[in-house]
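Before any comments, here is the structure.
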Amino acid sequence: MKIDFTKEALMPFLGHNNEVSSTHQNFTKQIHLQASGSELVMTTTDGTMWLRSCVDGITVQEQGSVSLVVQDLFKIVRGLPSEKVVSLGQIPTEGEAGGLTMRIQYDSVEYDLNGDTGETFPGAKELKVPVCSVNVGELRTLLKHTYYAMAQKDVRHYLNGMKLEIAKDGDGIVAVAMDGHRMAFAEIAREGEDDDSDQQDLHWHFLLPSKSIQTLMNLLEGEDDEAVLEIFREDENVKDISGGDQISMKIGKTVLVTRLIDADFPEFRHIIPKQDPEHSFDVDNKMLLENIQRVALLSNTSPDNPTSVHFMSSSSDRLRMICNRDNTKEGAKTELDITWTSGPGELRIRYNIQYIKDALSAIPEAQDVLVRFSVFGNDLASRLEQVAPDPSPASLRAFCLVMPLRN
Amino acid sequence: MYLVHGGEPLLVQEACDAIIQAAQRQGVAERSSFHSDTHDWESLPMHLQSQSMLASRKLLHVRLWPGSLKNRAAKPLQNLAAMDKGADIVLVQANDLNPASQRTAWFKALAGASVEVAASAVPARELIGWLMRRAEAKGFELTEAAAKLIAARTEGNLSASAQEIDKIALGAPAAPVDRKQLHEAIGDSTSFTIQRMIDCALGGNAARALRMHWRLRNTAASSYQIVAMWRFVLLPLQAAAASPHPHRALQSARVSQSRIGLLIGALERCPADLLNAALDALASADAQCKGAALGDPWRTLADICVLVSGVKLPWQTGAYLKPPWHPQPRRYS
């Protein structure tokens, strides 16, 4: 195999491939390159998902395939001078059957990498049956509003991922993630669809693992808002897609094949409070976030070692936030202006500070963003959502539910 | 709230598992754990106070690891005992608490506020009964002789015994299991250190020392390590035997204070001719493991175990000729 390429042609794809690979197994460290016609197909896997990208804008001198260590290739290509045409080709070696050496060469620089012919590299299944397609800009918005609430390494494995519900008639998408103490919900609905649609048959359901979501977010980052993501599955005959199956997602010339989590996601619609809140107030998002970060300075806020923040108010239009170190008199407090929208009165409630920070950080940064904080009691989840300016796109409905701490 | 502690890891673990399973049957769906060695003590109350969206009750599993129970632990643990837990269950698991920690204020506070389960080691005289009851619970019968064999093979290690019983239960035997069937079924899973073997010989228990010696041969120990360890013991012993003040001689040979009593006891048991024979055997074994003399170093080292225990070897009583595995080391000129 022999190709000529530039850093610009390979780099964006190679970065995504590098993130998919893992060090568990020999083949998960490798990238499989196949040159044919006028394009190069690059594949990496971590054993549960595959990322396959077609790169054009390169010159194939000699067809063939090879497997190389992805991290080495990534480091070399990242360090190349821009717009320089570089050649990658096999050089004749003696001895060792099965192995081969590839040389990357430009000017007077040469890198030699050991690899193999790539015959044993486990390729992804070809999934050909189309399921549905999603607007990239919308999906990106939904993921940004929800990804932070996915659990990491929870024993309830169905929480280590994100649930996507895509209406079969293309009328809306819902993304939900939760870790048992908080839930992030985002929905784009068209045609005034009613919220309580328990009509499961009208939707495709996907429960995607958190690593697939992270990779998908990286892929979507560089794409045009109007682009379309197509979802494929393996078998026409199966009525619905369930866990354990694989799906493939295609954006442009990149295909991500991933397994789904084989479990039922909790009934999240039952958790969303329907009643009117006991208290609710509007507050400037940036001010609230800054104040929370200020009071949290003295406490250690790693996810494993959480700290709490007290929200307190009397009926005045001031919210007091207090963050104490346990068992000591050390701590910090601050106050900021709020506007009551319902039930002004005595408020005393306590949250995990990290959860509030995550929820506020997920709201896109802009001038004068108002968030509404709705409290439903000390043993029900409180709701945080953006109220002004109107969310974009206009059909977006996103909020985060956070369980308060018991007093 | 439950407090499970004790020196027997198997029993502590099984007690905790039973509590967790009972809680799950009562509909406690959520479980979180706090490890005293990785988590910050300050976050302990938060672990209890955080509420779940998916379950109304939860179980907090607090695991106290020895070595992480410094002064900083006292106050959070006392607070934990005093805190309002609502409908939640707190399970405190402490393996290997030393007696000093059991006299502390936090331990008393925890024990006072909870159901305390002390899983102490099973005494040797009750071990046979324990093994037989455990076999019964697994659905088969174990004869007393068979239980004794398991106890001997596992040296009273409960985890190893439980594993052996589980292994037998896999075969689902219909008739009572006796010693003869067991002999083939279970392996020798004891493990010893060289130090324990030497101490045993110095204590005068030749049979047990020999058993440990041959067991060491089957594990990863090398004969040269054993030669080196014996040298550390026999040379001070020789010096002490030659000195009018054995105690002082051992001190000046830098034997640690705690072991001097053991060595003095061995000197009384082991007269000069046995000690000299042991030193000869050590020289032979040293040469044998270096390949400078013929013979098996393990057999020569076994003789040392016997001699140091104060027992004469057969050839010393004149019953047999000196065995061929004691050639004199070749002298290099």
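Going by the structure shown, is A:Asp171 open to solvent by 10 Å² or more (accessible area, probe 1.4 Å), among the acidic types (Asp, Glu) and at pLDDT 90 or above? For A:Asp171, the condition - open to solvent by 10 Å² or more (accessible area, probe 1.4 Å), among the acidic types (Asp, Glu) and at pLDDT 90 or above - is not met. Highlighted here are the helices (runs of 4 or more DSSP H) found entirely within the range B:222-325 that include at least 2 residues which are without any contact (Cβ under 8 Å) to a residue 60 or more places away in the chain, surrounded by 13 or more Cβ atoms within 10 Å (Cβ to Cβ) and in contact with a Phe, Trp or Tyr (Cβ under 7 Å, 6 or more places away or on another chain): B:297-308.
In this structure, is B:Ala207 at pLDDT below 90, in the same structural domain as B:Ile304 (by TED's automatic domain parsing), assigned to a helix (DSSP H, G or I) and open to solvent by 20 Å² or more (accessible area, probe 1.4 Å)?
It is true that B:Ala207 is at pLDDT below 90, in the same structural domain as B:Ile304 (by TED's automatic domain parsing), assigned to a helix (DSSP H, G or I) and open to solvent by 20 Å² or more (accessible area, probe 1.4 Å).
Scanning the range B:70-85 for residues that are open to solvent by less than 20 Å² (accessible area, probe 1.4 Å) and within 24 Å of A:Gly180 (Cβ to Cβ), we see that the one that is nearest to the other protein chains (Cβ to nearest Cβ) is B:Pro76. Restricted to the range A:323-361, and to residues that are open to solvent by 20 Å² or more (accessible area, probe 1.4 Å) and hydrophobic (A, V, I, L, M, F, W, C), which residue is nearest to the other protein chains (Cβ to nearest Cβ)? Here the residue is A:Ala332. So is A:Thr23 surrounded by fewer than 16 Cβ atoms within 10 Å (Cβ to Cβ), over 30 Å from A:Lys211 (Cα atoms) and not assigned by TED's automatic domain parsing to the domain that holds A:Ile213 or not? Against the criterion (surrounded by fewer than 16 Cβ atoms within 10 Å (Cβ to Cβ), over 30 Å from A:Lys211 (Cα atoms) and not assigned by TED's automatic domain parsing to the domain that holds A:Ile213), A:Thr23 does not qualify. With (1) at positive phi; (2) open to solvent by 60 Å² or more (accessible area, probe 1.4 Å); (3) of a type outside the set (Val, Ile, Thr) as the list, and A:Asn407 as the residue in question, which single condition is left unmet? Among (1) at positive phi; (2) open to solvent by 60 Å² or more (accessible area, probe 1.4 Å); (3) of a type outside the set (Val, Ile, Thr), the lone unmet condition for A:Asn407 is (1).
Would you confirm whether any residue within the range A:275-291 is of a type in the set (Asp, Glu) and touching a Leu at 6+ places or on another chain (Cβ under 7 Å)? Within the range A:275-291, one or more residues are of a type in the set (Asp, Glu) and touching a Leu at 6+ places or on another chain (Cβ under 7 Å). Contact annotation: residue pairs with Cβ atoms under 6 Å, 6 or more positions apart or on different chains, pairing a residue in the range A:245-259 that is outside the structural domain of A:Ser53 (by TED's automatic domain parsing) with a partner that is small (Gly, Ala, Ser) and open to solvent by less than 10 Å² (accessible area, probe 1.4 Å), are A:Thr254/A:Ser53; A:Val255/A:Ser248; A:Val257/A:Ser248; A:Thr258/A:Ser212. Which of the residues spanning the range A:26-48 are open to solvent by 20 Å² or more (accessible area, probe 1.4 Å) and among the β-branched types (Val, Ile, Thr)? Those that are open to solvent by 20 Å² or more (accessible area, probe 1.4 Å) and among the β-branched types (Val, Ile, Thr): A:Val41, A:Thr48. Restricting the range B:41-64 to residues that are part of a strand (DSSP E or B) and within 33 Å of the chain's Cα centre (by Cα), the residue that is farthest from B:Leu97 (Cα to Cα) is B:Leu59.
When A:Leu73, A:Leu51 are checked against the criterion of being crowded, with 21+ Cβ neighbours inside 10 Å, of a type in the set (A, V, I, L, M, F, W, C), in contact with an Asp or Glu (Cβ under 9 Å, 6 or more places away or on another chain) and at pLDDT 90 or above, a single residue qualifies: A:Leu51. Quick one: would you say B:Arg25 is more than 20 Å from B:Ala81 (Cβ to Cβ), basic (Lys, Arg) and surrounded by 17 or more Cβ atoms within 10 Å (Cβ to Cβ)? No.
Within the range A:283-294, which residues are among the acidic types (Asp, Glu) and surrounded by 17 or more Cβ atoms within 10 Å (Cβ to Cβ)?
Filtering the range A:283-294 down to residues among the acidic types (Asp, Glu) leaves A:284, A:290.
Across the range A:283-294, the qualifying residue is only A:Asp284.
At least 2 residues being within 14 Å of chain B (Cβ to nearest Cβ) is the threshold, and among the strands (runs of 3 or more DSSP E) wholly inside the range A:117-183 those reaching it are A:172-178. Consider the range B:86-122 and keep the residues that are open to solvent by less than 30 Å² (accessible area, probe 1.4 Å) and under 22 Å from A:Leu405 (Cβ atoms). The one that is farthest from the other protein chains (Cβ to nearest Cβ) is B:Val92. Residues of the range B:25-42 include at least one that is more than 12 Å from every other protein chain (Cβ to nearest Cβ) and touching a residue at least 40 places away in the same chain (Cβ under 8 Å). Return yes or no: is B:Gly67 within 14 Å of chain A (Cβ to nearest Cβ) and either assigned to a strand (DSSP E or B) or on the phi > 0 side of the Ramachandran plot (or both)? No: the conditions fail for B:Gly67.
Applying the set (1) loosely packed, with under 15 Cβ neighbours inside 10 Å; (2) more than 14 Å from chain A (Cβ to nearest Cβ); (3) hydroxyl-bearing (Ser, Thr, Tyr) to B:Ser56 leaves exactly one unmet item: (2). For the range A:102-121, the criterion of being touching a residue at least 60 places away in the same chain (Cβ under 8 Å) and open to solvent by 60 Å² or more (accessible area, probe 1.4 Å) is met by at least one residue.
The values are calculated or read from the model by the stated rules, or taken from the named source; none is laboratory data. Nothing here was measured: the structure is a model prediction, and the numbers come from that model. Backbone-built Cβ (ideal geometry, glycine too); neighbour counts: all protein chains shown. These area figures cover heavy atoms from the full protein model, side chains too; ligands, DNA and RNA do not enter into them. Shrake-Rupley method; radii C 1.70, N 1.55, O 1.52, S 1.80 Å.
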